[in-house]
């Protein structure tokens, strides 16, 4: 039996998380361009994006995940959580002007009900 790999950014099962990944990418790029003059991304912002992408891919809630600020599971370590909070606080208000569709979708996702934490082993 061969292992099957699911394309995180191309599989329809992950539509919400792909949108959130795009939103995080845009926010970090906007922040880096303004604060660090990062052409693609500076090393710190690239590291932050890679970390956010890994956390998003491994989210226990799957595609039902809430926005990270409202999540009951805080999977970011303290340092990265503070960095992403600073980026989002700066880029969030600017999203509505520069990327209105992503900004509005992010605001609407903030109103989704918070799912309950899945039980270990899936029996539940």
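For a protection proxy built on the mean count of beta-carbon atoms within 10 angstrom, sort 54-63, 23-32 highest first, please.
Averaged packing, sorted descending, gives the order 23-32, 54-63.
Find the all-direction average of the projected area of the Cα convex hull for the stretch 15-113, expressing the result in square nanometres with one decimal place.
6.0 nm²
A short reminder: the numbers here are calculations on the coordinates, not readings from a lab. Computed from a predicted model, the values in this text were never measured in an experiment. As a convention, Cβ positions derive from the backbone with ideal geometry for all residues, glycine included, and neighbour counts pool all protein chains shown.
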